[in-house]
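Reviewing the structure listed below.
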Amino acid sequence: MKLIKFIFFIVIIFGLTAFFTPLDLYYDKIKRNFRPIQLESIGGSIIKGNAKKVKYLGMDLGQANWLLYPSSYNAVTLDVKLRNDNYDIKAEYIKKPKSDIVKNLKGTLDWQFIANKINFRHGKITGYIELDFDHLEMNKGIPQIISGRAITKNLRIMKPVQKDLGEIEVVFTSDNPQIIVGQVNSKSNVLNVSGAIYIHKNHRWEIKLTIIPSPGEYEVEYALQGIGDRRRSGGRTLNLAGFY
């Protein structure tokens, strides 16, 4: 019993030391353990802290706030919030010996972040994407489970005319053991979007979408020029692929 009390006392001391010792005092000595994540302008401790800039594989992820705590005998949970000009998200990241799990990922992503990826150059569209994912699980860098959805909000053409584009929703399911599928559908009076996002277990991803303006929506058709390829029967097809 005395040994157990002693061990418990030591754990408490280490926990208090980690909580109160500023991380920036020793970050340079332990930053190799954080790779590929890099922190800059650090405040607080390793348990509860913040960084004005977080980089992942060289990509700037913006500002971060975190709270680190043990969630079970073999897992550590990191409650984290990330924010920059393009997004504001929060999530619970759980590290286990054989898997990485993200739960309750919620937040918003500015439409401009997507527009830059799909070669949107005509007109102007504003809006944002609402993220709501309850479970994402990785094993050795390969997604095993993605459960949740992303849906556009306040998506509007501002130029050459002002027009409401409705909602575009992506719902992810993980029924197939070899592939994760995100079904894409739209709820709009001016635009029909359908297709899917595929995340293969062999480190490959694909996006296959059909984008068709409603009859007479010439301004919408103009705004979509440059996205993907033109369909003979009208609208556009967007086919992208790559590796992760």
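The values are calculated or read from the model by the stated rules, or taken from the named source; none is laboratory data. No experiment lies behind these values; they were computed from the predicted model shown. Don't worry about glycine lacking a Cβ; one is built from the backbone with ideal geometry, like all the others, and counts go over all protein chains shown.
Could you say whether any residue in the range 178-193 is buried (at least 18 other Cβ atoms within 10 Å of the Cβ) and of a type in the set (S, T, N, Q)? Taking every residue of the range 178-193 in turn, at least one turns out to be buried (at least 18 other Cβ atoms within 10 Å of the Cβ) and of a type in the set (S, T, N, Q).
Would a scan of the range 221-236 turn up a residue that is in a strand (DSSP E or B), surrounded by fewer than 18 Cβ atoms within 10 Å (Cβ to Cβ) and not acidic (Asp, Glu)?
Going through the range 221-236, the residues in a strand (DSSP E or B) turn out to be 229-230, 236.
Within this subset, residues satisfying the condition of being surrounded by fewer than 18 Cβ atoms within 10 Å (Cβ to Cβ) are 229-230.
Cutting the leftovers down to not acidic (Asp, Glu) gives us 230.
Checking the range 221-236: at least one residue is in a strand (DSSP E or B), surrounded by fewer than 18 Cβ atoms within 10 Å (Cβ to Cβ) and not acidic (Asp, Glu).
Yes/no per residue for (1) surrounded by 17 or more Cβ atoms within 10 Å (Cβ to Cβ); (2) more than 19 Å from Leu39 (Cα to Cα):
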{"residue": "Leu61", "(1), (2)": "yes, no"}
{"residue": "Val76", "(1), (2)": "no, yes"}
{"residue": "Asn104", "(1), (2)": "no, yes"}
{"residue": "Leu109", "(1), (2)": "yes, yes"}
{"residue": "Ile129", "(1), (2)": "yes, yes"}
{"residue": "Phe133", "(1), (2)": "yes, yes"}
{"residue": "Asn154", "(1), (2)": "no, yes"}
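Right, Asn202: surrounded by fewer than 17 Cβ atoms within 10 Å (Cβ to Cβ) and farther than 22 Å from Ile89 by Cα or not? Answer is yes for this residue.
Filter the range 33-47 down to residues that are part of a strand (DSSP E or B) and surrounded by fewer than 16 Cβ atoms within 10 Å (Cβ to Cβ) and give me whichever is nearest to the chain's Cα centre (by Cα). First the steps, then the outcome.
Within the range 33-47, the subset part of a strand (DSSP E or B) is 37-44.
Add one more test, that the residue is surrounded by fewer than 16 Cβ atoms within 10 Å (Cβ to Cβ), and what stays is 37, 40-41, 43.
Details: Ile37: 16, Glu40: 21, Ser41: 23, Gly43: 24 Å.
Across the range 33-47, the extreme among qualifying residues is Ile37.
Annotation note: Cβ proximity below 7 Å between a residue of the range 52-79 that is on the phi > 0 side of the Ramachandran plot and a residue that is of a type outside the set (Lys, Arg) (sequence gap 6+ or interchain) occurs for Leu57/Pro36; Gly62/Val54; Gly62/Leu82; Gly62/Asn84.
Residue-by-condition table, conditions (1) in contact with a helix residue (DSSP H, G or I) (Cβ under 7 Å, 6 or more places away or on another chain); (2) modelled with pLDDT of 95 or more; (3) closer than 27 Å to Pro160 by Cβ:
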| position | (1), (2), (3) |
| --- | --- |
| Ala196 | no, yes, no |
| His203 | no, no, no |
| Ile211 | no, yes, yes |
| Gly226 | no, no, yes |
| Thr237 | no, yes, yes |
| Leu240 | no, no, yes |
